[in-house]
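**Student:** Below is one structure. I have some questions about it.
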Amino acid sequence: MKRIIVGTAGHIDHGKTSLVKALTGVDADRLKEEKERGITIDIGFADLTVGDVHFGFVDVPGHERFVKNMLAGAHGIDLVMLVVAADEGVMPQTREHFDICRLLEVKAGLVVITKTDMVEAEFAELVEAEVSEYVAGSFLEGAPILKVSSRTGEGIDELKKTLGALAKKVEERDERAVARLPIDRVFTIKGFGTVITGTLIAGRIAVGDELELLPSEKRRSRARGLQVHGHATQEAKAGERTAINLQGIELDEVTRGQVLAPAGRLAASSMLDVKLTLLKSAPRSLRSRSRVHLHIGTAEVLARVVLLGQNELAPGGTCFAQLRLESAALALPTDHFIVRSYSPAVTIGGGVIVDPLPHKHRLREGTAVVAWLEKLVVADEPERIGLLVEMAGERGLNYAELAARSGSTDETIKRTADSLTKTKRLIAAVANPLLLIARADFENLAKQVRALLKEFHSRQPLESGMSREEVREKIFANLSPDIFRAVVGQLSDRNEVIAEKDLLRLATHRVALSAEEQAAKDHLAEIYSRAALQPISLEEALAQAGSQFGIDAARAQRFAQMLVNSGELIKVADLIFHRSAIDGLRATLQRHKAEQGAKLDVGVFKDLTGVSRKYAIPLLEYLDRQRVTRRVGDAREIL
């Protein structure tokens, strides 16, 4: 069954609530004060099934003092019934409500002229002509205009048929999208606890689902029970008026304006990048940094409007802006919002969310930011994902950030990531959990690494390479370690950079030694080779090599490090051995294992190798680390 949300709009006392009651049999005025005063103060709800369409009606107050309540109900409607009384015609709140519908980009609806039983037919015809002229050029131009009397029932059946016909043309909401339910009512039921209601504007919510209140301090709950239009159900779907019994949540923890969403999926923000339109009827231009009332979903928050690329927006104008909120709110790309002037509170404009989680823009960024936003505002969902990653620059976007900022489903993110990495527009620095970076930024980081290594080799031609940690600190200090590993890995795969242990060097780098230097280096290696398992100190070896070939201590020290880096010399604690000595030791142990068994203690090790305890203990600990031996109590086992 198709689910459609219909909202009323119109001036106070034009018969909106009576019309909903005539259609559904439900009095949407639920408050005692509403019944006593005879006016609608807060939003009310009713439902009706016509054929294979289920309509949920949102009845909004018409009084100018309660426009903020009207806005809480108008956010999720598919069709609008613009209600105009036959005895009054178009009035101020008719205009304001209709401006709001246009700013929210409601796509379809109709006009209902009520109270036809109170005027002559000719007068009703004049009102119809007035309304037809008023809506010309809007989304209601050419829409049905019906005359009804809620008191006599005249025209109600035709209205139901017309709603059914309009519903067929309304695009159904996406049940596969990430679930969002802006909260418009909160109350308690004895024996059940806290219950919230709202229109499920996207996705599905089932009993048992873990949900999160946003904005809040990570307040999570489970849906203990669900009702749709007053009937218990196991699952609510997009487009349905839904009541949810929240497990473990107190009444004072929930307010109108919060949103229920899947736990850990979305994020509230105190800044929003938007495309803002100022109504032609706005009383004055809007200056940058003006304070306004922002209405988004069911929330109302105070905000500063920072215009991007200009200082003032004239009535009827449109520009990009950053809204800086005084308290956080949840929004997603393509959501619509309304702004009202701070004082007096009148509707002056509205627009669409472009980026719900931006950084704070500086004045000098204006031109560049506007260029990005111009691309984002026209992008489809996959293109938006690509742009968001590119906008993140060298730090890239991980999966959680991308999900919260785009509002896209897992399926869409995965499909888009696969597509954009295949075309090499994006690079997956990590596949799971996903971390994406734009190819241009990735290559820029790679370029910086190459340049840094080139400069290092120029300064230190005798060094085998630069410390990985130093490279990371100089270029990637503020970036994810995964980005660093991905860039180095890619450079290594492309044979542009060689990674050896803890060092990085350009593949073209060769240590250039003179014949005398090479001879000194070889002699140093030979000294350790002859020492076998009875190593001499580094200072003594350096002194021997330096004195024989006239090499200063600093260069001799670099030769030693080159030998260690290449693996020809091996450091064992504070001792240094030639690789051939360690290889010979491994062979000795394997022969012992074959002839005498795998067990080995310190005494036997000393007898096998001829080393003192001073060298035996460090060597055995090294062999343990290399998994040549394994310590078992006070003894070892040869592996």
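**Student:** Suppose the filter is on the phi < 0 side of the Ramachandran plot, of a type in the set (Lys, Arg), assigned by TED's automatic domain parsing to the domain that holds ASN398 and buried (at least 17 other Cβ atoms within 10 Å of the Cβ); does ARG485 pass it?
**Tutor:** No.
**Student:** Being touching a residue at least 40 places away in the same chain (Cβ under 8 Å), of a type in the set (A, V, I, L, M, F, W, C) and closer than 23 Å to LYS501 by Cβ, is that true of even one residue in the stretch 611-626?
**Tutor:** yes
**Student:** Pairs please, first residue from the stretch 204-215 and assigned to a loop (DSSP other than H, G, I, E, B), second anywhere and not charged (D, E, K, R), Cβ atoms under 6 Å, 6+ apart in sequence or on different chains.
**Tutor:** VAL207/ALA223; VAL207/LEU226; VAL207/GLN234; ASP209/ALA223; PRO215/ALA268; PRO215/ALA328
**Student:** Quick one: would you say LEU313 is over 30 Å from ILE413 (Cβ atoms), in contact with a Pro (Cβ under 7 Å, 6 or more places away or on another chain) and buried (at least 21 other Cβ atoms within 10 Å of the Cβ)?
**Tutor:** no
**Student:** Report, by residue number, each residue of the stretch 175-199 that is in a loop (DSSP other than H, G, I, E, B) and in the same structural domain as GLU235 (by TED's automatic domain parsing).
**Tutor:** LYS190, GLY191, PHE192
**Student:** Another one. What pairs can you find where one residue is in the stretch 494-516 and closer than 17 Å to LYS447 by Cβ and of a type in the set (Val, Ile, Thr), the other is at pLDDT 90 or above and not in a loop (DSSP other than H, G, I, E, B), and their Cβ atoms are less than 6 Å apart, with a gap of 6+ or different chains?
**Tutor:** Qualifying pairs under 6 Å: VAL497/LEU491; VAL497/LEU504.
**Student:** Here's a follow-up. Give, as residue ranges, the strands (runs of 3 or more DSSP E) completely inside the stretch 530-639 that count at least 3 residues that are within 51 Å of the chain's Cα centre (by Cα).
**Tutor:** 569-572, 629-632
**Student:** Are there any pairs, at least 6 apart or on different chains, whose C-beta atoms fall under 7 Å, with the first in the stretch 92-106 and closer than 13 Å to ILE12 by Cα and the second hydroxyl-bearing (Ser, Thr, Tyr) and not in a helix (DSSP H, G or I), and if so, which?
**Tutor:** GLU96/THR347
**Student:** Right, here's the next one. For the stretch 395-425, enumerate the residues that are surrounded by fewer than 19 Cβ atoms within 10 Å (Cβ to Cβ), touching a strand residue (DSSP E or B) at 6+ places or on another chain (Cβ under 7 Å) and within 21 Å of PRO358 (Cβ to Cβ).
**Tutor:** Within the stretch 395-425, just ASN398 meets the criteria.
**Student:** Right, another one. Given the criteria touching a residue at least 12 places away in the same chain (Cβ under 8 Å) and in the same structural domain as LEU276 (by TED's automatic domain parsing), does LEU357 qualify?
**Tutor:** Yes: the conditions hold for LEU357.
**Student:** Return yes when ILE77 is modelled with pLDDT of 90 or more and either among the β-branched types (Val, Ile, Thr) or in contact with a Gly (Cβ under 7 Å, 6 or more places away or on another chain) (or both) and no when it is not.
**Tutor:** no
**Student:** Please find, among VAL60, VAL67, the residue that is under 23 Å from VAL259 (Cβ atoms), crowded, with 21+ Cβ neighbours inside 10 Å and at pLDDT below 70.
**Tutor:** Checking each option against the conditions leaves just VAL67.
**Student:** Looking at (1) outside any loop (DSSP other than H, G, I, E, B); (2) in contact with a Ser or Thr (Cβ under 9 Å, 6 or more places away or on another chain); (3) surrounded by fewer than 24 Cβ atoms within 10 Å (Cβ to Cβ), which is the only condition GLY349 fails?
**Tutor:** Tallying (1) outside any loop (DSSP other than H, G, I, E, B); (2) in contact with a Ser or Thr (Cβ under 9 Å, 6 or more places away or on another chain); (3) surrounded by fewer than 24 Cβ atoms within 10 Å (Cβ to Cβ), GLY349 fails exactly one: (3).
**Student:** Here is a follow-up. Give the residues of the stretch 256-294 that are outside any strand (DSSP E or B) and over 30 Å from ARG95 (Cβ atoms), sorted by residue number.
**Tutor:** Passing the criteria: ALA263, GLY264, ARG265, LEU266, ALA267, ALA268.
**Student:** When LEU542 is evaluated against the numbered criteria (1) within 28 Å of ILE617 (Cα to Cα); (2) modelled with pLDDT under 80; (3) surrounded by fewer than 17 Cβ atoms within 10 Å (Cβ to Cβ), which criterion, by number, is the only one it fails?
**Tutor:** Failed condition: (3).
**Student:** Further, regarding this structure: Report every pair of residues separated by at least 6 positions or lying on different chains whose Cβ atoms are under 6 Å apart, first residue within the stretch 124-135 and of a type in the set (Gly, Ala, Ser), second surrounded by 19 or more Cβ atoms within 10 Å (Cβ to Cβ).
**Tutor:** ALA124/ALA86; ALA124/THR116; ALA124/LYS147
**Student:** How many residues does the stretch 155-198 hold that are surrounded by fewer than 19 Cβ atoms within 10 Å (Cβ to Cβ), free of Cβ contacts under 8 Å to residues at least 60 places away in the same chain and aliphatic (A, V, I, L, M)?
**Tutor:** Of the residues in that region, 2 qualify.
The values are calculated or read from the model by the stated rules, or taken from the named source; none is laboratory data. Here the structure is a predicted model, which means the values were calculated and not measured. Glycine gets a Cβ as well: all are built from the backbone with ideal geometry, and neighbour counts include every protein chain shown.
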